[in-house]
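Just so it is clear, none of the values below were taken in a lab; they were calculated from the coordinates. As the structure is a computational prediction, the values presented were derived from the model and not from experiment. Every residue, glycine among them, receives a Cβ derived from its backbone with ideal geometry; neighbour counts consider all protein chains shown.
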Amino acid sequence: MADTTTLSAPRRSNAILATLRQNKLSWVGLALLAAIVFMAVFAPLLAPHDPLQQNIIHRLEPPSAEFLLGTDSFGRDVLSRLIYGARISLMVGFVAVAIAMFVGSTIGILAGYIGGLFDQIVMGIVDVMLAFPTLLLGLMIAAMLGANLENLIIAIAFTEMAPFARVARAPTIGLKERDFVEAGRALGFGPLRIMGVHILPNMASDVVVMGSLWMASAIRMEASLSFIGLGVQPPTPTWGGMIREGFENILTAWWLAIFPSLAILVTVLALNILGDALRDAIDPKLRSENAA
Amino acid sequence: MTDPVLDVRGLQSEFRIAGRWYPAVRDFTLAVEANETVALVGESGSGKSATALSILRLLPAVGARIAKGSVMFAGQDLARLSEAEMIRLRGEAIAMIFQEPMTSLNPTMTVGAQIAEVIEIHRGSTRRSAMAEALRLLEEVRIPAARQRLNDYPHQFSGGMRQRVMIAMALACRPKLLLADEPTTALDVTIQGQVLALLNELKQSYGMSILFITHNLGVVAQMADRVAVMYAGEIVEFASVNKIFEQPSHPYTEVLLKAMPRVDRDSAGLEPITGQVPGITALPVGCAFAPRCPLRQPDCDRHPALAPLAAEADHVVRCVVRAGQEAAV
C-alpha cells in the first residue's frame, strides 16, 4: 500500500509539525523551552559547581569568571543553583498542570455533558474554588499539607483544576448539541466514546492553550510558595527559594534575585508563545493548506 | 409477504413545555416492509423528524418522552429496550443519516477513521481491517480517488461528498433499516439527484428498507414505494406513491400537491396553502387540519380516525368528509 493509506495518527502529527514549522515565533518559544529542559536534564554535566557546596570565603561575590552569575550568602554558585533549580520548577509545573488538566477537564466535560443538577452542583463547587485567589488557595493547601515537593504539586494541581473544568465545560455544552455528536449517537456511539473521541479532541486546542498558560502560572506559584517558605525546603535549589534568599540582600547583591527572576520570566514567556502556536496548529481548519 | 422490518403502532411522543407534556407525534402507526422505501412527507413542524428520533430513541433525555405505543423491530420493542441495548443497535441494525452533511462529521477525525470507528465498535474489527472496509465503502459511495481521500479531513470535502461519507458510515454495518432525515435538503439539485440515485442503488444491493423523511414531493416521487403524509404529528394519508399522486384523498395532500411546481403544468396554477401548522401547544380538538381546510364541515370538530378509503384497504385517510366514516371520539 502506498503511504497515502497509512493510518491517520502519524499524518496528523506531521501536519501539526508542518504548521509549527511555518510559525517563526513558535520556534523562539520552542527553542527557549528546549534549552531550559536541556539545562534541567543535563544539570550535573552543565553546572560548573556543586549547587550545595558552601564556601564562606567566596560569599556574596558579584559575577566573575569563576562564578559567572556570582555567589550567594553561603558562597554557593548561583549559576549552578539556577541550573539545578530548573529541574524542580519544570517538574512541578509540568506534573501539577498535567494533573490539573486531566482532572479538571474530566470534571468539566462530565458536567457539561450530563448537565442538569449534576452540572449545577459541580460547577457551584468550581465557582467557589475560582472565587479564591489561586495563590491564597495554594497557600492554604500547602500550609495544611506541610511543605514538601509532593504537597506543593498537589496544592498547585488542586488550585488549577477549577479553570480547566470551566474551560472544558463551556465547549462541551456547545459540542454535545452539534450535528456530528447527534450523528454519532445515531451510529451507536456510547456516552464515553462521544465524550472522549468526539468532544474532547474538538476542544483540545482550548485545553492545550490553557495548559501552557497555566503551566507558566504553576511555575510562578511554585516560585511564590517557595519564596514564602511553603515550597521545597532548603538547601534544595528552586528558583522561588533563590529569589527569597536573594531578596534579603537585594540592595547589596542584585544578582541573587535578578537571575532566577529572569529564568522564570523566560520560561513563562516561552510557554505562552508555545501555547499560542499550538492552538493554531491543532485546529485542522487553520492548517488545511499545508496538510496535503 | 414476510413480516415487516419495522412495525410502529400507536406511537405517541411528547415534549414538555412550561411543565406540561404536549404530543409532537400522535397515534403513529406505520409498517415498513423489507426492501421498501416509505416516505414521510409534511411541512416543517409536522412531526417527521420527531418520529424518526423516537424510533431510534434519540429524543433528548430531558423534556421529551415516548408516552405510548410500540416500535417493533426484529422481534423487539425498541420503545422498551434499555439504553445500552439501543446503543448496540444504533448504527448496527438501524442507521440514520441527517439533513446537514456540512456539520454531521467530526472535524478533528479523518473520514476514513470515522467510518472505521463504526465498524470497530459494532464488529470489534481491528483498525487495519476496519480501514480496509472503510476504503471499500468510500469506493461504493463513489468518492473519486477514495484511496487518497481516506485520510482527508471533512473540511476538505464538499457537501455532496460529505453526505456520501455519511451514507458510507450509515451502511458500514449493513443495517436492515435506514432512517434518512431530509438527506438531500441541504444539497443543490444536481447533487441531490446523484445522492438519491446512489441511495436507491445501495438499497437494492444491501437489501435494506428506508424510511425517507422529506418535504420535497419531487424527491418522494423518485424514491418512495409508499407515502405517509403527516400533519400536526399525525399521519393523515397513507398509500402507494402512485395513489398519492394520482388520487390524493386527504384535503391536505391535495393542497400540498397543488402547491408543488410541475414542469408539465402552468406555474400560474400554483396555490399557496393559507395559514400554518398548529403548534403542539394549541392543537384543535377535532381534525387538526380543519382550520385550513376548504372542505370543512361541522363534523370536523370531532377527531377523525385513520380509516380506509371506500373499497381500498391499502389507502387510508384521516378525514371525515372523504372517508365518509364515523368520527372517532
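Some notes on this structure:
- Shown in residue order for segment B:85-90 are the 3J(HN,Hα) couplings computed by the Karplus curve 6.51 cos²θ - 1.76 cosθ + 1.60 at θ = phi - 60°: 5, 5, 4, 5, 7, 5 Hz (x for Gly and Pro).
- Entry note, chain A: the mean residue ellipticity at 222 nm calculated from DSSP H runs of n ≥ 4, each adding -39500 (n - 2.57), is -23500 deg cm²/dmol after division by the residues and rounding to the nearest 500.
- Structural descriptor for chain A: relative contact order 25 percent, calculated from alpha carbon pairs under 8 angstrom and at least 6 residues apart.
- Distance between segment B:115-148 and segment B:241-288 - C-alpha centres, whole angstrom: 43 Å
- Taking the longest Cα principal axis of chain A as reference, the axis of helix A:255-282 is set at about 10 degrees.
- Taking chain A as a Gaussian network of alpha-carbon nodes connected by springs under 10 Å, the highest mean-square fluctuation of the residues A:Asn272, A:Asn249, A:Asn151 belongs to A:Asn249.
- A straight Cα-to-Cα reach below 22 Å connects B:Lys176 with the lysines B:Lys48, B:Lys203, residues fewer than 8 places away in its own chain not being considered.
- Based on Cα contacts under 8 Å between residues 6+ apart, segment B:108-172 shows a relative contact order of 45 percent.
- Residue among B:Pro291, B:Pro60, B:Pro23 with the largest mean-square fluctuation in a Gaussian network model of chain B, springs linking Cα atoms under 10 Å: B:Pro60
- Charging the Cβ of each Asp and Glu at -1 and of each Lys and Arg at +1, and nothing else, the dipole of chain A about its Cα centre rounds to 560 debye.
- Chain B - percent relative contact order, Cα under 8 Å, separation 6 or more: 19 percent
- Using the Cβ-Cβ distance between A:Gln54 and A:Leu25 with R0 = 51 Å, the FRET efficiency computed as 1/(1 + (r/R0)^6) comes to roughly 0.75.
- Potential lengthening between A:Gln120 and A:Leu68 on full extension [0.36 nm per residue; Cα-Cα distance subtracted]: 13.1 nm
- Number of partner chain Cβ atoms within 10 Å, mean per residue of B:101-107: 6
- Taken residue by residue and averaged, Cβ atoms of other chains lying within 10 Å of the Cβ of A:174-180 number 4.
- Listing B:Ser209, A:Ser226, B:Ser158, B:Ser44 from fewest to most neighbouring C-beta atoms within 10 Å gives B:Ser44, B:Ser158, B:Ser209, A:Ser226.
- Over chain B: helical MRE at 222 nm, DSSP H runs n ≥ 4 each giving -39500 (n - 2.57), nearest 500: -9000 deg cm²/dmol
- Segment A:117-204: GluC sites (Glu not before Pro) in DSSP coil with no more than 12 other Cβ atoms inside 10 Å: A:Glu177
- Among B:Asp299, A:Asp119, sorting on how many other beta-carbon atoms sit within 10 Å of each Cβ, with the fewest leading, yields B:Asp299, A:Asp119.
- The charge dipole of the protein assembly as shown, taken about its Cα centre with unit charges on the Cβ of Lys, Arg, Asp and Glu (plus for the first two, minus for the last two), comes to roughly 280 debye.
- The long axis of helix B:189-206 is offset from the longest Cα principal axis of chain B by roughly 80 degrees.
- Principal-axis tilt of helix A:149-175 within chain A, Cα atoms, nearest 10 degrees: 30 degrees
- Think of the protein assembly as shown as having a plus end and a minus end, set by charges on the Cβ of Lys, Arg, Asp and Glu; of B:Ala24, A:Thr106, B:Ala323, A:Thr106 sits farthest toward the positive end of this dipole.
- For chain A: rounded, prolate or oblate by the Cα gyration tensor [a/c cutoff 1.5]: oblate
- Ordered by the count of other Cβ atoms within 10 Å of each Cβ, fewest first, A:Lys24, B:Lys243, B:Lys48, B:Lys258 give A:Lys24, B:Lys258, B:Lys243, B:Lys48.
- Within a Gaussian network of chain B (alpha carbon springs, distance under 10 Å), most fluctuating of B:Arg80, B:Arg318, B:Arg20: B:Arg20
- Counting Cβ atoms of other protein chains within 10 Å of each Cβ in B:79-90 and taking the mean gives 2.
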